[in-house]
Amino acid sequence: MLINGNTPIEELKGVGPKTAGYFNSMGIRSLEDLLRHFPRTYLVFGGLKKISELKDGEIAAVRARVDSVGNIRRVKNNMTILPIEISDDSGKMTIKYFNMPFMAKAVRNGGYYVFRGRVKAAGREFTLVQPRKYAYDEYTDLSGRFQSIYPLTKGLKNSQIVKAVSSALSKACFSEDYLPEEIRNRYSLPESGLAYRYIHNPESEQEAGLGRRRLAFDELFFFIMYLRKNKELLTDSPNTCPMIESAEVTRFIEKLPYKLTRGQSKAVKDMISDMTGPSVMNRLVQGDVGSGKTIVALIGLLNAVSNGYQGALMAPTEVLAAQHFKTVSDLVRKYGLPFKPALLTGSLGAAAKRKIYDGLSSGEINLVIGTHALIQDKVIYKNLGLVVTDEQHRFGVRQRETLAGKGIGPHILVMSATPIPRTLAIVLYGDLSVSTIKEMPEGRSPIKSCVVGESYRPSAYKFIRDEISKGHQIYIICPMVDEPDDEDADPELQNVVSYSEKLKEELGDRYRITYLHGKMKPADKDNILSEYAAGNIDILISTTVIEVGINVPNATVMMVENSERFGLSQLHQLRGRVGRGDKQGYAIFMTGKDNDRISERLDILAKTCDGFEIASYDLKTRGPGELFGLRQSGDFAFRVADVFADADLLTGASEFADMILKTDRHLKEEKNKLIREETEYFGRNNLDFRTI
């Protein structure tokens, strides 16, 4: 536990008011905030290689002679290319600099330099793309060292963060480790204070891995402890909103133009049993993308309203909330359901909000659908009986608690489309009972998927044009928002900003192309999503912010660039955005790396559309691997931990939590004081609502 974590960032050496402002814009205001701003990768200065030893895709350094400096060429988009011929005693190659014409004067013919960069195949030969130039002695001094590369913001350089972190580590004071030596040894975990030094300033890949491993264990352990504490409080909570199974529910199910799947029927049965039972319901409905979780939730809300209670449905985005509202409104008109619904979002005007507040407090509105606006202090319910949260991992545990607190012990139903193997779900949803929907509704065609390399790009673009000509819409996903800030970033990684410009040039002005990313203002994101849902955008180029949030039946193609950079379950989630209507859906997974291991890993997506099967495969085949690569975006509130790569730690953290609670159920013993304090701190600071 960090004792002096509240030390203001301004007290660190080299952090003046201006630099502090940049840090503040990233949410970094204290020493603890800074130490929890973890590296996203590491720059590793390896030994020198011969030109003949280079391998495609690796980052490598060669000491070579400059044989000739070529002429600067201008290509499309005002880009310049500078080729430089270099050689050593094993061979020769051409290195290339894009938009760096000054490099022509930075080297001289016959001079020897160390060039370090990413190796890329160029026909039968290799090239280094945008390599950095070093003097031999300079590179020798750096050889073998690790340098942390951090997420940045405009105006803040990586070197400034490195310097500030170094100062923070020198000032940091840690209390006694809560984790006994026996447990640390069992799971190969360093002491807590050492873990921060390892992850920020490692001397080897092993140290970086150990640091990440310990901090991941801490996250998982305190998350589990908080859930166990919650479950204990909820387990014996009496049903203060008693209900019977309404005849409205039976009639509605019979009128539906389709038959509920076995999984949907079981989830409805579980839900009704909870709502009519002796204890308050706290249930998760976990189902694959498109498995029909929403209709299950609406049946639950119908039962609550039919019993005289109010219902609340909270969604992670305004667009998704609006879509749920439209669905309910259509059902009211079609089936005469007793819902009196209202849509409450942050973008509503003050007068409209006051009208909804009055309707909720009087009971005139019996179903409210919205975003986190539902949990604002001004919202008062007359008799809230059921709370439903959609895409539950997008909400912190505390937000569910806050919404539930708007009533006197209302039932809670949470939904998630993130397929997680049951062994992990039991731990991660420790405060909830779990219902799983595995089958897909009748009539929904499986998404046709393919994994392809760069050579397929012309065909992919032709396919996209053909789909648009049929009146359909397209999603394209890129792993990055903008151009990378550090020299060791993979130049092959696509970013939404540059990609949008390139695609407009490639396809021409006839197509309506817009981009979207998480750094945009919420209102701007919602506006773009609304325009896309309305059919006013042909191609939406986005980061993974569209992983959940909109239902556009007209979207038929999902193309993911650099798909090797994503987790399998996340890729499966992404393709679930298409094929949601009566049109066939297609997913194209483009890979920037051509090797058998990547192809084998991604091929599971072409073989099955079963999210649980994919999740299980991911769990079996994924190890910690890259220190900060292949994360499942949006997995709970974890900064370091990954439920797939760290499955062994999740199990270990669960076992340790059981061991502690078995002998000290309420954490009152002095030896567990630190665990109690850290659990409370984790709940206060790590389980808050996070917008997408």
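The values are calculated or read from the model by the stated rules, or taken from the named source; none is laboratory data. Small disclaimer: the values here were computed from a predicted structure and weren't measured. With ideal geometry, Cβ positions are generated from the backbone for all residues, glycine too; neighbour counts draw on all protein chains shown.
Couple of notes before you dig in:
- Residue within the stretch 310-329 that is in a loop (DSSP other than H, G, I, E, B), within 28 Å of Ile244 (Cα to Cα) and modelled with pLDDT of 95 or more present: no
- Of all residues in the stretch 240-251 being surrounded by fewer than 16 Cβ atoms within 10 Å (Cβ to Cβ) and among the polar types (S, T, N, Q), the one that is nearest to Pro410 (Cα to Cα): Thr240
- Among residues of the stretch 550-563, those that are crowded, with 23+ Cβ neighbours inside 10 Å and either touching a Ser or Thr at 6+ places or on another chain (Cβ under 8 Å) or not assigned by TED's automatic domain parsing to the domain that holds Ala587 (or both), counted: 1
- Test: residue in the stretch 218-238 that is surrounded by 19 or more Cβ atoms within 10 Å (Cβ to Cβ), of a type in the set (Val, Ile, Thr) and at negative phi: yes
- Considering residues of the stretch 131-152 that are at pLDDT below 85 and among the polar types (S, T, N, Q) only, the residue surrounded by the fewest Cβ atoms within 10 Å (Cβ to Cβ): Ser143
- Residue list for the stretch 92-112, filter: without any contact (Cβ under 8 Å) to a residue 12 or more places away in the chain and of a type outside the set (A, V, I, L, M, F, W, C): Lys105
- The stretch 469-486 residues that are among the hydroxyl-bearing types (Ser, Thr, Tyr), paired with ones that are modelled with pLDDT under 95 and in a loop (DSSP other than H, G, I, E, B) (beta carbon under 6 Å, 6 or more apart): Tyr475/Arg577
- Strands (runs of 3 or more DSSP E) fully within the stretch 504-588 counting 1 or more residues that are within 18 Å of the chain's Cα centre (by Cα) and touching a residue at least 60 places away in the same chain (Cβ under 8 Å): 539-542, 555-560
- If only residues of the stretch 107-122 that are out of contact with any Gly (no Cβ under 7 Å at 6 or more places or on another chain) and among the hydrophobic types (A, V, I, L, M, F, W, C) are counted, the one that is farthest from Ile84 (Cα to Cα) is Ala121.
- Those residues of the stretch 489-498 which are surrounded by 18 or more Cβ atoms within 10 Å (Cβ to Cβ) and part of a helix (DSSP H, G or I), in sequence order: Val496
- Residues of the stretch 252-286 classified as within 23 Å of Arg444 (Cβ to Cβ), among the small types (Gly, Ala, Ser) and surrounded by fewer than 16 Cβ atoms within 10 Å (Cβ to Cβ), total: 1
- Tally of residues being touching a residue at least 12 places away in the same chain (Cβ under 8 Å) and on the phi > 0 side of the Ramachandran plot across the stretch 42-91: 3
- In the stretch 595-692, counting only helices (runs of 4 or more DSSP H) that sit wholly within it, the ones holding 3 or more residues that are out of contact with any strand residue (DSSP E or B) (no Cβ under 8 Å at 6 or more places or on another chain), at pLDDT 75 or above and more than 17 Å from Leu424 (Cβ to Cβ) span 596-607, 647-663, 673-686.
- You will find that of Met590, Met558, the residue that is at pLDDT 90 or above and over 16 Å from His472 (Cβ atoms) is Met590 and no other.
- Among the candidates Arg40, Arg74, Arg65, residue that is modelled with pLDDT under 90, surrounded by fewer than 17 Cβ atoms within 10 Å (Cβ to Cβ), among the charged types (D, E, K, R) and more than 30 Å from Met520 (Cβ to Cβ): Arg74
- Within the stretch 99-115, the set of residues being of a type outside the set (A, V, I, L, M), touching a Leu at 6+ places or on another chain (Cβ under 8 Å) and in a strand (DSSP E or B) comprises Phe115 only.
- Screening Glu32 on (1) touching a residue at least 12 places away in the same chain (Cβ under 8 Å); (2) under 18 Å from Gly155 (Cα atoms) shows it passes everything except condition (2).
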